[in-house]
Amino acid sequence: MSLDARTQALWQRLTQAGAVSGDAPDIADDTPWYLAALIGVSAWIAALFFFGFFLTLFDDLYRAPALAFPMGAACCTVAWMLLRVARGRDFIEQFAIATSLVGQLLIGMAFVEWGERPGSDDHWRLVWLGIGAVAAVMYALGRLPMHRFLCGVIVAVALLALCLVDDAASKYFAIPLLAWAMFAAWWRSTGHDRLAVALPPLAWALALVLLFSTWFVARATGIFSGRVETSNDLLLVADVLIVPLLPLCAHWLVSRQPALDARGRLIALGFAAGFALLVWRAPGVSIGVTIALIGFALYRPALLAMGLLGTAAYLFDYYYHLQLTLLEKSGWLAAAGVAVLGVRWAHARFARKEAA
């Protein structure tokens, strides 16, 4: 199987860092995709039967934290050992992933039961903190990308839940926190050390949870609703926290383009800052554009598509909730079309200049 653009870019970065030399080798995989899929499904079924065995053997397992926690820890330990010896064995890898999730589920059940006992205050924060900590440990120990992605999703959900539990002011800052964590993970993943290699699954998980959670959190808190007027100062602060995200992302991306002169970089930053200020009351749009730009710059088509879909969804939501007349909304659409044409003109001019 020939190397894709992302793998070629990675090999080029390793060559520039002096870690490798020569042409990138072809990656051969003798297992057909349909056979690998069947092996993976069989491994997950085996793990589910393994979990069902625990449930049938211990009827009140979910109410016995003293039993659920050591069993969950044992499952996580077994999964970690299997991941270390898997080395391309599809069944063992998938079975280890499922076993790890089963272990984390059992540990989470123990945390929930411990937290609901009398005398435990603010138990849901402690529950989610424990679940996120266990997932972070398993993320660091299990080096398989799919395992790290699933653990990263649990970490992102736990981080989101920590901000949303109870009726505290932190709920307004859940989405900004996830957005900046996602940007930091993608930015750090472009390094040339071991930490950078381990971060992409977490960055994927943060981006996915961010896009899906923004929609639901908006309905619960009013943030990203697209409404022009509001009396809640916390909503305004949360909206403002997202404004620098898109310009900073644009600055990071144009700095990776040595062929772009200072004028071109200034134009790109100006477009990014202007767009971010234009939709500052609907930061979900800025988040979608940021994800799309990162996917385009890092040669990740799936991330680019995810960002574009998120941008379209939040643009529609923002446009629908604007408290404006139909004529004013038509003006907004016309202005957006002019902006897109301007970006297209700037891109065509840069492409001609680069070709010359």
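Here are the numbers:
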read-out	value
Test result for Gly142, of a type outside the set (D, E, K, R) and either more than 21 Å from the chain's Cα centre (by Cα) or modelled with pLDDT of 90 or more (or both)	no
Total residues in the range 197-217, condition outside any helix (DSSP H, G or I) and within 12 Å of Leu178 (Cα to Cα)	0
Residues within the range 84-98 that are in a helix (DSSP H, G or I), over 23 Å from the mean Cα position of the chain (by Cα) and not charged (D, E, K, R), tallied	5
The one condition in (1) farther than 30 Å from Ala348 by Cα; (2) part of a loop (DSSP other than H, G, I, E, B); (3) modelled with pLDDT of 80 or more; (4) of a type outside the set (D, E, K, R) that Tyr299 fails to fulfil	(1)
Selection from the range 157-215 of residues that are among the β-branched types (Val, Ile, Thr) and modelled with pLDDT of 90 or more	Val157, Val209
Pairs, first more than 13 Å from Gly103 (Cα to Cα) in the range 65-88, second among the hydrophobic types (A, V, I, L, M, F, W, C) and not in a helix (DSSP H, G or I), C-beta under 8 Å, six or more apart	Leu83/Leu144; Ala86/Leu144
Breaking point among (1) among the hydroxyl-bearing types (Ser, Thr, Tyr); (2) crowded, with 17+ Cβ neighbours inside 10 Å; (3) not in a helix (DSSP H, G or I), for Thr190	(2)
Of all residues making up the range 157-187, the number that are of a type in the set (D, E, K, R) and crowded, with 16+ Cβ neighbours inside 10 Å	1
Flag for Ala181 being within 25 Å of Gly307 (Cα to Cα) and in contact with a Ser or Thr (Cβ under 8 Å, 6 or more places away or on another chain)	no
Odd one out for Ala196 among (1) under 20 Å from Phe296 (Cβ atoms); (2) in contact (Cβ under 8 Å) with a residue 24 or more places away in the chain; (3) surrounded by fewer than 16 Cβ atoms within 10 Å (Cβ to Cβ)	(2)
Qualifying residue in the range 104-123 (condition: touching a Gly at 6+ places or on another chain (Cβ under 9 Å), at pLDDT below 85 and of a type in the set (Gly, Ala, Ser))	yes
Hits in the range 182-198 (condition: aliphatic (A, V, I, L, M) and within 11 Å of Leu245 (Cβ to Cβ))	Met182, Ala184
Selection from the range 277-296 of residues that are out of contact with any Asp or Glu (no Cβ under 8 Å at 6 or more places or on another chain), at pLDDT below 80 and crowded, with 18+ Cβ neighbours inside 10 Å	Val279
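The values are calculated or read from the model by the stated rules, or taken from the named source; none is laboratory data. Remember, predicted model here, so these are calculated numbers, not experimental data. Heads up, the Cβs are rebuilt from the backbone with ideal geometry, glycines too, and the neighbour counts pull from every protein chain shown.
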